[in-house]
Amino acid sequence: MKPKIFIDGEHGTTGLQIRTRLAGRTDLEMLSIPEVDRRDRGLREEMLKEADIAILCLPDDAARESVAILDGVNSTRVIDTSTAHRIHPDWAYGFAEMTEGQSERIAKARLVANPGCYPTGAISLIRPLREAGILPADYPVTVNAVSGYTGGGKQMIAQMEDGAHPEHIAAPHFLYGLALSHKHLPEMQTHGLVDRTPIFSPSVGRFAQGMIVQLPLHLADLDGAPSLGDVYAALDRHYAGKTIVEVVPLEVSRSLSRLDPTMLNGTDTMKLFVFGTEGRGQANLVAVLDNLGKGASGAAVQNMGLMLGQAA
Ligand SMILES: NC(=O)C1=CN([C@@H]2O[C@H](COP(=O)(O)OP(=O)(O)OC[C@H]3O[C@@H](n4cnc5c(N)ncnc54)[C@H](OP(=O)(O)O)[C@@H]3O)[C@@H](O)[C@H]2O)C=CC1
Ligand SMILES: CC(=O)N[C@@H](CCC(=O)OP(=O)(O)O)C(=O)O
């Protein structure tokens, strides 16, 4: 029997990207609702209960509704791409490379919370330094980022692309989350194992997909006052043997003068860079990923594969 997969919210930005990734798969039976019926509660309930794995690509409240429908229905396992369950203790956090044993947790879990795109980049840089005993738990972490506008879903896509949209955005680049209360902060703090809420400054550029997430550090304030090479070595050890997350060699980072946020578009991988000048006491750690790839749909498909017992 082929595993039955239902993408609840399949006609939205993330849902469509997942459907595209799964389109050619002959080892799966895809359950689907016509777009016109996408909000039909009865049809959704039927599909959710029939599925072996339900992938929720819905706003938070609708995702909670789907989880409630499945309450007690243990035959259906769930991957939620919304922010609703990312720090919930009953849910496995769907970042397989985050820490030792995480991919096994995901593989065994009934409930998996897919990470947000920015946290995927931020946690990928913070967590290894915490585990290596380099980054103190009370370090004042700051995260700066730029995302392609698909990160804002259908609404922001329309605002950026449709000049006649009543809330058209003409800017080539803009900061947002100005109140420093972005919805990604809880998962960055929880899974980054940091005591203080990071100061997070997100922004959007006039490109559809792509992402850069930055973690600037004062090395003298880290445990053991590590060198740039020490920070690099900690990341390199953490991701040794991983294929989806690559730590770019220091000498390659040194050779770069620019970094393109769209460089990994269309892939489900992430690259980590360590920038700075040895001896100057500062480092800027940078993650590059496709916000819809490893930042969302690619991660969901990776997690589905783990849950089905397939290679990561
Ligand atoms: N875009 C991104 O880069 C990322 C998004 N996510 C998360 O994924 C989820 C989906 O985001 P995204 O794809 O961007 O959003 P979209 O708005 O593009 O798609 C959401 C889909 O869900 C449907 N929907 C909304 N409410 C309901 C409901 N009550 N019942 C049934 N269907 C409903 C929408 O239909 P309708 O057209 O009628 O509104 C739409 O088809 C969100 O939780 C988001 O936070 C995660 C990572 C990255
Ligand atoms: C550009 C933009 O608007 N980005 C979204 C995050 C996209 C994402 O990761 O979605 P979820 O965390 O919702 O899953 C935001 O800042 O809310």
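No value in this document is a laboratory result; all are computed from the given coordinates. Quantities reported herein were computed from a predicted structural model and do not represent experimental measurements. For neighbour counting, all protein chains shown are included, and Cβ atoms are generated from backbone atoms with ideal geometry for every residue, glycine included.
Descriptive notes on the structure:
- FRET efficiency, 1/(1 + (r/R0)^6) with R0 22 Å, evaluated for His88 and Glu45 via beta carbons: 0.50
- Stretch gain in nm, segment Val36-Asn74, where the contour uses 0.36 nm per residue and the Cα spacing is subtracted: 10.8 nm
- Computed lengthening from Ser227 to Asp60, 0.36 nm per intervening residue step minus Cα-Cα distance: 56.0 nm
- D by Stokes-Einstein for the chain, Kirkwood Rh over Cα pairs, 25 °C, 0.890 mPa s: 122 µm²/s.
- Using C-alpha pairs under 8 Å with a sequence gap of at least 6, the mean separation divided by the residue count of region 1-123 gives a relative contact order of 21 percent.
- Inter-label distance for Glu161 and Leu193, nm, one decimal - labels placed 7 Å from Cα along Cα-to-Cβ: 4.1
- Taking the convex hull of the alpha carbon positions in region 132-220 and averaging its projected area over all directions gives 6.8 nm².
- For the peptides 167-180, 70-83, 91-104, 114-127, the ranking by mean Cβ contacts within 10 Å, running from highest to lowest, is 114-127, 91-104, 70-83, 167-180.
- Cα gyration tensor shape of region 218-280, rounded if a/c is under 1.5, else prolate or oblate by comparing a/b with b/c: oblate
- Degrees separating the helix 298-307 axis from the principal Cα axis of the chain, which is the longest one: 70
- Filter on Lys2/Lys271; Lys154/Lys183; Lys2/Lys108; Lys49/Lys271; Lys2/Lys154 - keep pairs with C-alpha separation over 28 Å: Lys2/Lys271; Lys49/Lys271; Lys2/Lys154
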